[in-house]
Amino acid sequence: SDVANLWPTVSDFVRSATVNLIRPNDTVLLPTWQAPEGGTIGQGAGTNATWVAPTGGQYHVVLVVSDGDRRFGQQILIEVRQGESPSPSAIETFAPDTSTPTPTPGTDTPTPVPGVVFVEVGKVAEGDDDDNEYTNEEHVTPGSDVTYLITIDNDSASPVTVTSLVDDLYPDAICLTPGDADAIGTVLGADDGDGPGVIDGGSDQIQCTFTVTADNDAGTTVNTVIGTVENDTGGTDSDQDNATVIVE
């Protein structure tokens, strides 16, 4: 429903013979601040935020940035000393890094912190090709069945519940677990230390599938699924992934 209005794009293409590319999701690369040990963050997203501590002591504040595929985070320890009149403690901000970071396996997701929610969502597709394998780029024949496999991995220190799972092209699709249950409402256990990108079927993970019919005309379709989870204190996190289906 968020991308149903195609006419502005079509009009631009007719007028200029080019397509103006924009970010599909405004939350991509948006810094998000969290204070799992208490206090109030007046602005929860953006390059700057103001955090008010509940009282004196040491607190962790977490900064997370996602590119839509992987999340990168930093945990900051702030010591607050009780004064005569409480005042906001500014969160430390960082200048953009001009270098290109090289992710190290197992280190691109912060160590789970109590109260902080992290989720990882993966999406692949399988059609009527000969390999019988789920891939991120699947080649199928016109009008054939395409099955999407969704993986939801809890990287949090506490259990979470899947509250939403929406595909941008098939918003009414119901993703079913191996027991034919709706994935929404499933409780995922606390992170078992498997790390990002690892599908080991642990208690912190769930997989589900839904099947649709491919287009009758040749072409390429890229669709995205967004999954959201919530812990028992109301903390939430979302992640997304996409798969490409080529009809030929």
### Summary
Once phi for every residue in the range 150-165 is put through the Karplus expression 6.51 cos²θ - 1.76 cosθ + 1.60 (θ = phi - 60°), the whole-Hz ³J(HN,Hα) values, with Gly and Pro written as x, are 10, 10, 10, 10, 8, 9, 9, 7, 9, x, 9, 10, 6, 9, 7, 8
### Task
Using a 10 Å cut-off on Cβ atoms, rank the peptides 137-145, 160-168 from the highest mean neighbour count down.
160-168, 137-145
### Task
For a quick protection proxy, order the peptides 174-183, 205-214 by their average other-Cβ count within 10 Å, most packed first.
205-214, 174-183
### Backbone HN-Hα couplings from phi across the range 174-183 [Karplus 6.51/-1.76/1.60, Hz, Gly and Pro as x]
10, 8, 9, 6, x, x, 6, 9, 5, 5
### Query
Sorted from largest down, what three extents in whole angstroms do the Cα atoms of the range 139-248 have along their principal axes?
47, 25, 24
### residue 72 paired with residue 164, simple spin-label distance in nm, labels 7 Å along Cα-to-beta-carbon
2.6 nm
### Task
Stick to Cα atoms and the Kirkwood definition of Rh, then tell me Rg/Rh for the range 149-197.
0.99
### Summary
For the range 127-143, in residue order, the Karplus 3J(HN,Hα) values (coefficients 6.51, -1.76, 1.60; θ = phi - 60°; whole Hz; Gly and Pro = x) are x, 9, 6, 8, 7, 6, 10, 6, 9, 7, 9, 10, 9, 9, 9, x, x
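Each reported figure results from applying straightforward, stated rules to the coordinates on display, with no laboratory input. This is a predicted model, so every value here is computed, not measured. All Cβ positions, glycine included, derive from the backbone under ideal geometry; neighbour counts span all protein chains shown.
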